[in-house]
Amino acid sequence: MSECLFCKFANREIPTQVVYEDEHAFAFRDINPQAPTHVLVIPRLHIENLAAMQTEHETLMGHLLWVCAEVARQEGIVAEGYRVVLNTNRAAGQSVFHLHFHLLGGRHMTWPPG
Ligand code: AMP
Ligand code: ZN
């Protein structure tokens, strides 16, 4: 059995605030939200991060971006705008090593990111 926290969410071993799920993807609310909408979109498959992505994951990665767009529609943040972030390794701030897209919206955002 996996020791990964996000695998445990996707397998429903640990409860979380689910906003979307299907055969390949799972989305839930971030415990420490950085915006009014802050959802994490993950593959059910354990992939550490973008650096571990292989060519056989291309379709899956496209699907995860579609899930981000779909959850943004559900959250009503499309017209105002939103940001999708994929932190890779420590300098980028990755703290959980199961690939996750951050979907952030509901407030104005600045550029460049911190
Ligand atoms: P990152 O720093 O890009 O790896 O993002 C990890 C994210 O996971 C952070 O935004 C955390 O707030 C979030 N996180 C950590 N633990 C939990 C948890 N138990 N439930 C929901 N989100 C979590
Ligand atoms: Zn995992």
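The values are calculated or read from the model by the stated rules, or taken from the named source; none is laboratory data. Keep in mind the model is a prediction, meaning the values are calculated, not measured. Glycine also receives a Cβ, built like all others from the backbone with ideal geometry; neighbour counts cover every protein chain displayed. Please note that ligands, DNA and RNA were not included when accessible areas were found on the heavy atoms of the full protein model with its side chains. Shrake-Rupley method; radii C 1.70, N 1.55, O 1.52, S 1.80 Å.
Return the loop-located GluC sites (Glu not before Pro) in the stretch 64-114 (DSSP other than H, G, I, E, B) with at most 14 other Cβ atoms within 10 Å of their own Cβ; answer none if there are none. Mind showing how you got there, number by number?
Details: sites: Glu70, Glu75, Glu80; in loops: Glu80.
Here the GluC sites (Glu not before Pro) that fit, given the DSSP loop and packing criteria, are Glu80.
Can you give the local net charge around Tyr20? Use residues other than it whose beta-carbon is closer than 13 angstrom to its beta-carbon, Lys and Arg +1, Asp and Glu -1. Kindly include the intermediate steps, with their values, before the conclusion.
Details: positive: Arg29, Arg44, Arg73; negative: Glu21, Asp22, Glu23, Glu70, Glu75.
Net charge in that neighbourhood comes out at -2.
Using a 1.4 angstrom probe on the protein heavy atoms only, line up Ser95, Ser2 by accessible area, largest first.
On the way: Ser95 95, Ser2 45 Å².
Largest accessible area first, the residues go Ser95, Ser2.
Just the Cα atoms of the chain, one point each, no solvent: what log10 I(q)/I(0) does Debye give at q = 0.12, 0.16, 0.21, 0.22 Å⁻¹?
Evaluating at q = 0.12, 0.16, 0.21, 0.22 Å⁻¹ gives log10 I(q)/I(0) of -0.40, -0.73, -1.26, -1.37.
Loop-only check: which GluC sites (Glu not before Pro) in the stretch 1-69 are DSSP coil with at most 13 other Cβ within 10 angstrom?
Counting only loop positions with at most 13 other Cβ atoms within 10 Å, the GluC sites (Glu not before Pro) in the stretch 1-69 are Glu3, Glu13, Glu23.
If each residue of separation counts as 0.36 nm, what is the full-extension length gain between Gln17 and Ala69 once their alpha-carbon separation is subtracted? It would help to have the intermediate numbers written out before the result.
On the way: separation 52, 0.36 × 52 = 18.72 nm, distance 1.84 nm.
Difference between extended and current length: 16.9 nm.
Computed over the Cα atoms of the stretch 1-64, what is the ratio Rg over Rh, Rh following Kirkwood?
0.96
If you count only protein heavy atoms with a 1.4 Å probe, what accessible area per residue comes out for the stretch 5-105, rounded to a whole Å²?
Details: 5390 Å² over 101 residues.
Per residue, the stretch 5-105 has an accessible area of 53 Å².
Please give the net charge around Ala10, taking every other residue with its beta carbon less than 12 angstrom from that of Ala10, where Lys and Arg add +1 and Asp and Glu add -1. Present the calculation step by step, with values, prior to reporting the outcome.
On the way: positive: Lys8, Arg12, Arg44; negative: Glu13, Glu21, Asp22, Glu23.
With Lys, Arg at +1 and Asp, Glu at -1, the net is -1.
Ignoring any ligand, DNA or RNA, what whole percent of the accessible area of the chain comes from carbon and sulfur when the probe is 1.4 angstrom? Mind dumping the intermediate values first?
Working: 3620 of 6710 Å².
Percent of accessible area from carbon and sulfur atoms in the chain: 54.
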